[in-house]
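See structure below.
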Amino acid sequence: MIIQANSAVIGNKLIGLVNLEIIDGKIRAVNVGSASKPDQIIDGTLIPGFIDIHCHGGASSYFSNASKVQDVIRVHRDHGTTGIVASLVTESIDDLKKQIATLVPFYTSGQILGIHLEGPYLSHARCGAHEPTLLINPDTAEIKELLEVGAGSIAMITIAPELPGAIEAIKYLSSAGVKVAIGHTNGDFKDAAAGTNAGATVVTHFLNAMSKERVEGSISSFVLVDERLSVELILDGHHVPFTTASEIIQAIGNRVVLVTDAMAAAGSGDGNYAIGKLEVKVENSVARLTSNNALAGSTLTMDQAFNNAINNCGVSIPQAVLMSSTNPAHALGLSDRGSIAVGYRADLLAFDSVTGKVSTLNL
């Protein structure tokens, strides 16, 4: 089929009047100008589908609930996410194995891009919305068991690099093809360097659950200068103020990856929820632990993050696409999506720059 749009983001540029030839769900040709007989005309800007590499849930449920996984996927797809990683919070190893096993079929069927374990290898001092009594040090033999249960589905694991056994675990995971993210860490510049040198390539929600001081010796200062790291950013104005986010994007926008870190209330509403065994209250779309008022994930969807980048951080449409589609694909090592290009998957969205509405194309 031939799709024609008033404009499209091609090669990190906004190009006017473009038509695409789609065959068997892939882009076979990208042409500038009008088509003689387009099958579909898009009144707006054509952009690649969003890829969310850090998402726990939505539609009032979590990826840990096997009976509700389809609902979580659907609500985020309705907001433009065409590729999603299922994130799991800290649980006991036995419980994690059960949750991983229930998600494997969704991975093998292509409904999720993989599984992200955000825990249990996190710092007690920076545990955030993770049950501190379940946090443990990384153990390579134990991690190997998790990977075996995952049968290739585990895409990423967050590890605090200062923990005993962390560097060995990062090396092992990197050699096994699993992405390692530095996060929920009380470490410093040297710890971040050691973790990155061992193979870590991602930073879990930058400036949250880590040292925020921009001084020599802090973990955040290392993240800002080391170009090997893809840097997650929760762009809701609460986890990181928009003014600070703007400065980060200006400095390292080519490495920023917009994520939702969404909890159950995404696409749902205010009320009482839980993350693992921790009680959460969502008020005015902000999720916080009832125990200490700490932020507990977000209620973001990727279309909101995309629009926040444009409207609150002064980002261009191509730059927003880079951070919400292209960079996430790169962070996961995916070469078949994240851009509008010949040979890529036709995971496409129509963006109305006036209203901010994002619509997923059903091809």
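The values are calculated or read from the model by the stated rules, or taken from the named source; none is laboratory data. Just so we're clear, the structure is a prediction, and the values are computed from it rather than from any experiment. Note that we place each Cβ from the backbone using ideal geometry, even for glycine, and neighbour counts take in every protein chain shown.
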Would you point out which residue out of S7, S34 is modelled with pLDDT of 95 or more and of a type in the set (S, T, Y)?
S7
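Condition check ((1) of a type outside the set (S, T, N, Q); (2) under 20 Å from V257 (Cα atoms); (3) in contact with a strand residue (DSSP E or B) (Cβ under 9 Å, 6 or more places away or on another chain)) across all residues:
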{"site": "V178", "(1), (2), (3)": "yes, yes, yes"}
{"site": "A181", "(1), (2), (3)": "yes, yes, yes"}
{"site": "N186", "(1), (2), (3)": "no, no, no"}
{"site": "K190", "(1), (2), (3)": "yes, no, no"}
{"site": "G195", "(1), (2), (3)": "yes, yes, yes"}
{"site": "G199", "(1), (2), (3)": "yes, yes, yes"}
{"site": "H205", "(1), (2), (3)": "yes, yes, yes"}
{"site": "N208", "(1), (2), (3)": "no, yes, yes"}
{"site": "S211", "(1), (2), (3)": "no, yes, yes"}
Among (1) surrounded by 21 or more Cβ atoms within 10 Å (Cβ to Cβ); (2) free of Cβ contacts under 8 Å to residues at least 24 places away in the same chain - the single one E118 does not satisfy
(2)
Could you list, in sequence order, all residues of the stretch 323-353 that are among the hydroxyl-bearing types (S, T, Y), assigned to a loop (DSSP other than H, G, I, E, B) and touching a residue at least 60 places away in the same chain (Cβ under 8 Å)?
S339, Y344, S353
Please specify each residue of the stretch 241-272 satisfying the condition of being hydrophobic (A, V, I, L, M, F, W, C) and closer than 14 Å to A287 by Cα.
A262, M263, A264, A265, A266
Considering (1) over 24 Å from S220 (Cβ atoms); (2) modelled with pLDDT of 95 or more; (3) not assigned by TED's automatic domain parsing to the domain that holds I22, say which one G356 fails and leave the rest.
(3)
Which one of these is among the hydrophobic types (A, V, I, L, M, F, W, C) and without any contact (Cβ under 8 Å) to a residue 24 or more places away in the chain: A151, A125, A141, A129?
A141
Going through the stretch 86-99 in order, the residues found to be in contact with a Gly (Cβ under 7 Å, 6 or more places away or on another chain) and crowded, with 24+ Cβ neighbours inside 10 Å are V89, T90
What number goes with the only condition from (1) within 13 Å of V203 (Cα to Cα); (2) assigned to a loop (DSSP other than H, G, I, E, B); (3) in contact with a His (Cβ under 7 Å, 6 or more places away or on another chain) that E232 does not pass?
(2)
Please tell me if D336 is of a type in the set (D, E, K, R) and closer than 29 Å to I3 by Cα.
yes
Run down S60, S67, S174 and say which single residue is small (G, A, S) and in contact with a strand residue (DSSP E or B) (Cβ under 7 Å, 6 or more places away or on another chain).
S174
Quickly run through the stretch 137-156 and pick out the residues that are within 25 Å of Y107 (Cβ to Cβ) and either in a loop (DSSP other than H, G, I, E, B) or modelled with pLDDT under 95 (or both).
P138, D139, A151, G152, S153
Taking the stretch 35-56 and keeping only residues that are more than 23 Å from the chain's Cα centre (by Cα), more than 17 Å from D347 (Cα to Cα) and part of a strand (DSSP E or B), one is left with D43
Given the conditions (1) surrounded by fewer than 20 Cβ atoms within 10 Å (Cβ to Cβ); (2) touching a residue at least 12 places away in the same chain (Cβ under 8 Å); (3) of a type outside the set (A, V, I, L, M); (4) farther than 16 Å from M323 by Cα, every one holds for H239 apart from (1)
Of the conditions (1) in contact with an Asp or Glu (Cβ under 8 Å, 6 or more places away or on another chain); (2) of a type outside the set (S, T, Y); (3) over 26 Å from V256 (Cβ atoms), H79 satisfies every one except a single condition; which number is it?
(3)
